Amino acid sequence: MGRIRIPVMVVLFTTAAVFEAVRLSALSAIANSDVWWHLSSGTWMLQNHALPRTGIFSQSAGAAWIASSWGYDLLLAFGFKLLGLRSIPALLMTFKTALAMVTFSLAGGLRRSFWRAVALSAIAQYVLGSVQPGPAYFSILFFAIELRLLFESRRRQRVGMLLWLPGLFLLWANLDIQFVGGIGLLLLFLAVLASENYFFSGGHSLAVKDVAIITGLSVVCTLITPYLYGGYG
């Protein structure tokens, strides 16, 4: 059985990416037109060496507006500069492969649950198969990575694994506004630990103080954006 695991993993990690390459061979397959204003926003930033503060791509060009996904917009613009419109399916193919790997790991594929992880990863790819190119894909990936770190730190009782979270949120807050969901998950995790320590003193829970410090650092990192706390608004 062990001999077929590597081929199975290769198929699992590449099938969705290859499917996207075929499906997006015609850009008319992109149903969500948001990708075009993200590309326009990123291109404008490259040309003007500045960040938009007003709704420059709307009918109310003078109204206050923030490009909350400015990092994604720039990434898309750089890709377009290098590969042209081929950068859009290429970026989505990368997302699909990363999603397969993260969900496989999250489902325990690196431990003793190989076949269950393969099945769950395949289901996740099918459920999210209609997700169009956009910054939300970063949130899906980062949320899964956050879950992985939280689960593993709890299982191993090692708070050091959570030290990756501030850096994760620094990237997340500059790529997609849905980082607030990740902060909510982290606050919920902290609340559960505090409840366990209060009601079940002497348990084997992680140190609440250490997790609270990491949570605070993560929140601070979400403010390190060109718009500071604007993402929360």
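The values are calculated or read from the model by the stated rules, or taken from the named source; none is laboratory data. The model shown is predicted, which means the values in this text are computed figures rather than measured ones. All Cβ positions, even for glycine, are placed from backbone atoms using ideal geometry, and neighbour counts span all protein chains on display. The accessibility values were calculated without ligands, DNA or RNA, using every heavy atom of the protein model including side chains. Shrake-Rupley method; radii C 1.70, N 1.55, O 1.52, S 1.80 Å.
List the residue ranges in the chain for DSSP H helices whose C-alpha atoms run 24 angstrom or more along the long axis and whose Kyte-Doolittle average is 0.5 or above.
Membrane-span-like by this criterion, though nothing is claimed about a membrane: 5-23, 87-106, 136-156, 179-199.
Against the globular-protein guess of 2.2 N^0.38 Å, express the Cα radius of gyration of segment 55-136 as a ratio, rounded to two decimals.
Here the answer is 1.49, to two decimals.
Provide the net charge surrounding Leu147, with neighbours chosen by a C-beta distance below 13 Å and charges set as Lys +1, Arg +1, Asp -1, Glu -1.
Value of the local net charge: +1.
For segment 146-214, state the average projected area of the convex hull of the C-alpha atoms over all orientations, rounded to one decimal in nm².
On the way: hull surface 17.3 nm².
Averaged projected hull area, Cα only: 4.3 nm².
Could you do me a favour and compute the accessible area per residue for the chain, 1.4 Å probe, result in Å²?
I get 55 Å² per residue for the chain.
May I ask you to rank Tyr232, Tyr137 by accessible area, largest first, using a 1.4 Å probe over the protein chains only?
Sorted by accessible area, descending: Tyr232, Tyr137.
Along the principal axes of its C-alpha atoms, what lengths does the chain span, in descending order and rounded to whole Å?
60, 47, 24
Near Leu170, within a Cβ-to-Cβ distance under 14 Å, what is the net charge of the other residues, with Lys and Arg +1 and Asp and Glu -1?
My count for the surroundings of Leu170 gives -2.
Normalised by the residues of the chain, what does the relative contact order come to in percent, with Cα pairs under 8 Å and at least six apart?
Relative contact order comes out at 19 percent.
Within segment 118-148, which residues have the backbone N less than 15 Å from the label spot 7 Å out from Val192 along Cα→beta-carbon, could you tell me?
Residues 144-148 qualify, since their backbone N sits under 15 Å from the label point.
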